[in-house]
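The values are calculated or read from the model by the stated rules, or taken from the named source; none is laboratory data. Source: prediction; values computed, not measured. Heads up, the Cβs are rebuilt from the backbone with ideal geometry, glycines too, and the neighbour counts pull from every protein chain shown. Ligands, DNA and RNA are excluded from the accessible area calculation, which covers all protein heavy atoms including side chains. Shrake-Rupley method; radii C 1.70, N 1.55, O 1.52, S 1.80 Å.
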Amino acid sequence: MINAFLIKYAEIALKGKNRHLFEDALIRQMRLALEKIEGEFQVTKEQGRVYVHCHSAYDFEEAVEALQKVFGIVGICPVAIYEEKGFEQLSQDVLAYMKEHHPGYCGTFKVHTRRAKKSFPMESMEVNAELGGCILDAFPGASVDVHEPQLNLSVEIRERIYVYSQTIPGPGGMPVGTNGKGMLLLSGGIDSPVAGYMIAKRGVQIDAVYFHAPPYTSERAKQKVVDLARLVARYSGPINLHVVNFTDIQLYIYDQCPHEELTIIMRRYMMRIAEHFARERKCMGLITGESIGQVASQTMQSLMATNEVCTLPVYRPVIGFDKQEIVEIAHKIDTFETSIQPFEDCCTIFVAKHPVTKPNLKIIHRSETKLEEKIDSLMEEAIRTTEVITVE
């Protein structure tokens, strides 16, 4: 019976004296992920190892799927645990494990023993050799290959015996919450959910802001963004989604400014509002899904123009990716099908026929002076009426 999982991590092991802080953060995220799974789970840290002990009946696939969404985990090893009663019992338990999990095995294998309990009378290499011999006797079609085995059988001798032979890949990265907090500008497109996933993978906790433009964008468009936030939250943890009514600001800009500059100027006001909420939520930067050259508002000149209004850093995790690379990640995290639903976001409604691709900041500043009469009050109203949805 698989009654535990050994959790493997990579980067956390390099953190020196701060390693325990990252391990504790990883354990917190694992506990949160497993809360949603039916069963009784205990996450523990034992002698430099992190284990999930399963104390009741549970769905194996559901538990693994939950753990595969916890950043910081690189491997999930289903473990069978036995009592430590000397080598004779150990060999019987290992053979029982092989017969249950690899019946009739006839490939190559290697035994790797880790002897953490130093009072155990045999050295690790001796245990490897003896167990290998027992397996060869019980499985005549098997053979030993210590260099490139088809099966790695790991045995850890502690207060109890831990046996495993499978490592299920985890998502890697760093535990969420270990690298500060950021505010994601989330649209209904393909790119921004991927950007949120990628920044969360580096340990950044995220909240999000979405610019809604009723009646030009429907409630279905808003629900689409909520659904995307929920998909990202499976990896990042709960997201506070700020839904900003941007209609009046967009209409005012549309009436007052040259149409070829609409996208840039609207984007600049989105960044201003996003930064307001970022500071309110104690975020350390803004996060966008922009990729250089993908559209008119994402040329180097356009990015510089939008950056100018921000005092917080702007992080763009997919900036050097082409569209296909972003799409592949969207498929991997299951956001693609939701992103391509045909509900327009506010950006696409007010797109100019010939948007400027190399905006001149002096000209942009001059155009924005036409907005000074009302823009501050419109922004205050948009901020005041913002709806906050907690998405888990």
* Of all the residues that make up region 258-288, how many are open to solvent by 10 Å² or more (accessible area, probe 1.4 Å), of a type outside the set (A, V, I, L, M, F, W, C) and not in a helix (DSSP H, G or I)? -> 3
* **Odd one out for Phe22 among (1) within 29 Å of Asn179 (Cβ to Cβ); (2) of a type in the set (A, V, I, L, M, F, W, C); (3) open to solvent by 50 Å² or more (accessible area, probe 1.4 Å); (4) at pLDDT 90 or above** => (3)
* Asked: From the list Ser218, Ser236, which residue is of a type in the set (Gly, Ala, Ser), surrounded by fewer than 24 Cβ atoms within 10 Å (Cβ to Cβ) and touching a Phe, Trp or Tyr at 6+ places or on another chain (Cβ under 9 Å)?
  -> Ser218
* Structure fact -> Of all helices (runs of 4 or more DSSP H) fully inside region 1-120, the set with 2 or more residues that are small (Gly, Ala, Ser) and under 17 Å from Gly173 (Cα atoms) is 19-34
* **Filter pass, Gln301 being under 28 Å from the mean Cα position of the chain (by Cα), surrounded by 13 or more Cβ atoms within 10 Å (Cβ to Cβ) and not aliphatic (A, V, I, L, M)** => no
* Residue among Val232, Val226, Val244 that is modelled with pLDDT of 95 or more and more than 29 Å from Leu26 (Cβ to Cβ) -> Val244
* Residue count, region 247-278 (criterion: under 12 Å from Val209 (Cβ atoms) and either modelled with pLDDT under 95 or of a type in the set (Lys, Arg) (or both)) -> 1
* Taking Gly189 as meeting all but one of (1) crowded, with 22+ Cβ neighbours inside 10 Å; (2) closer than 28 Å to Arg272 by Cβ, write down the number of the exception. => (1)
* Structure fact -> When restricted to Glu387, Glu325, Glu380, the only residue closer than 30 Å to Glu35 by Cα, exposed (fewer than 15 other Cβ atoms within 10 Å of the Cβ) and at pLDDT 90 or above is Glu387
* Asked: Taking the condition buried (at least 22 other Cβ atoms within 10 Å of the Cβ) and within 32 Å of the chain's Cα centre (by Cα), does Gly293 pass?
  -> no
* Determine, yes or no, whether Glu308 is surrounded by fewer than 15 Cβ atoms within 10 Å (Cβ to Cβ), more than 20 Å from Pro193 (Cβ to Cβ) and acidic (Asp, Glu). => yes
* Structure fact -> When Ser124 is run through (1) surrounded by 17 or more Cβ atoms within 10 Å (Cβ to Cβ); (2) without any contact (Cβ under 8 Å) to a residue 40 or more places away in the chain; (3) of a type in the set (Ser, Thr, Tyr), the failure sits at (1)
* Do the conditions hold for Glu88, that is, is it acidic (Asp, Glu), more than 36 Å from the chain's Cα centre (by Cα), more than 21 Å from Glu46 (Cα to Cα) and surrounded by fewer than 16 Cβ atoms within 10 Å (Cβ to Cβ)? -> yes
* Any idea which of Asp255, Asp227 is out of contact with any Gly (no Cβ under 8 Å at 6 or more places or on another chain) and in contact (Cβ under 8 Å) with a residue 60 or more places away in the chain? -> Asp227
* When you scan region 49-64, how many residues do you find that are open to solvent by 40 Å² or more (accessible area, probe 1.4 Å) and among the aromatic types (Phe, Trp, Tyr)? -> 2
* Can you spot a residue in region 207-215 that is farther than 30 Å from Tyr315 by Cα, crowded, with 17+ Cβ neighbours inside 10 Å and at pLDDT 95 or above? -> no
